[in-house]
Amino acid sequence: MQIQNGVQTSQQASQVNSVTQTGQNQGATGQQEHVNTAAQVAEDKVSLSANATDQTSAQARAVAKYEDMTRVYSTVVAPQEEEETTSNTLNGLPSIELFNADDVAEYEEKLANAFAKAGIDTSQEIDLAFDYEGNVYVKNDHPDKEKIEQLFKEDRDLQQGLVQTQNFYMFKELYRLTQEWAQKIDSGMSEQMAGEWLLSSSKQAQKVSAEGLTFKEGGMVDPFERSANNAVALSAYAG
């Protein structure tokens, strides 16, 4: 995935809104193709769930919706170079490449080694986030704050790896939300109400993701499993 400055824009929410609303009326034609494609993304690229290939109604809806949402999300987070940019539709977008769980583990090891080589103290948490120019900064009061920020500034691979890791957790959460969205519909909720819930939850997930990542005990903390963020997101995720 190509990243431009590692910065997400407000266009993201409006485009996800568009997919959520137009997806309400998606017919059965071509749905199996969407299911197979999205399942491939979910299982091989994001390593989300062994149930992603189940052919139940809920799973079929979930992977189709997930595919549409990730394609829209990727056009904002990872735009093509200007000369290559065209008026893409959801069906005409190029395939995207995401970190999977193994990629994240490999990056964590690389980052830990870089911290050790730079003499950075990792015995306490390091809260990392991006500014509006795409630069990595340390959010918490860490004694090696300046050294950490300089390290990311000098090593763009580390910076890009952090973006990819952040996106991994975001796409993982989007997939979880689309599964829950489909289950709500199968349980009798109207598609309109389920769509509104998905839109609200997706926006909240984007806010959580934008808060950054925490490096702790040699690895990244999943931002969607941290108790503080879960408390903030509770109202959006409540059914």
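Okay, here's what the table says:
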quantity: Residue in the range 210-218 that is modelled with pLDDT under 95, in a helix (DSSP H, G or I) and hydrophobic (A, V, I, L, M, F, W, C) present; calculated: yes
quantity: Residue list for the range 150-182, filter: among the hydroxyl-bearing types (S, T, Y) and open to solvent by less than 10 Å² (accessible area, probe 1.4 Å); calculated: T165, Y175, T178
quantity: Residues located in the range 116-141, provided they are under 19 Å from Q166 (Cβ atoms) and basic (K, R); calculated: K139
quantity: Residue within the range 166-189 that is in contact with a Gly (Cβ under 6 Å, 6 or more places away or on another chain) and at pLDDT below 95 present; calculated: no
quantity: Complete set of residues in the range 116-138 that are of a type outside the set (V, I, T) and touching a Lys or Arg at 6+ places or on another chain (Cβ under 9 Å); calculated: A118, G119, Q124, E125, D127, L128, A129, N135, Y137
quantity: Count of residues meeting criterion [outside any loop (DSSP other than H, G, I, E, B) and surrounded by 13 or more Cβ atoms within 10 Å (Cβ to Cβ)] in the range 107-149; calculated: 19
quantity: Qualifying residue in the range 143-155 (condition: modelled with pLDDT of 95 or more and among the aliphatic types (A, V, I, L, M)); calculated: yes
quantity: Test: I185 is crowded, with 17+ Cβ neighbours inside 10 Å, aliphatic (A, V, I, L, M) and in a helix (DSSP H, G or I); calculated: yes
quantity: Some residue of the range 196-203 being under 17 Å from the mean Cα position of the chain (by Cα), crowded, with 21+ Cβ neighbours inside 10 Å and hydroxyl-bearing (S, T, Y); calculated: yes
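The values are calculated or read from the model by the stated rules, or taken from the named source; none is laboratory data. Just so you know, these numbers come straight off a predicted model, no measurement behind them. Positions of Cβ are generated from backbone atoms using ideal geometry, with glycine treated the same way; all protein chains shown enter the neighbour counts. Ligands, DNA and RNA are excluded from the accessible area calculation, which covers all protein heavy atoms including side chains. Shrake-Rupley method; radii C 1.70, N 1.55, O 1.52, S 1.80 Å.
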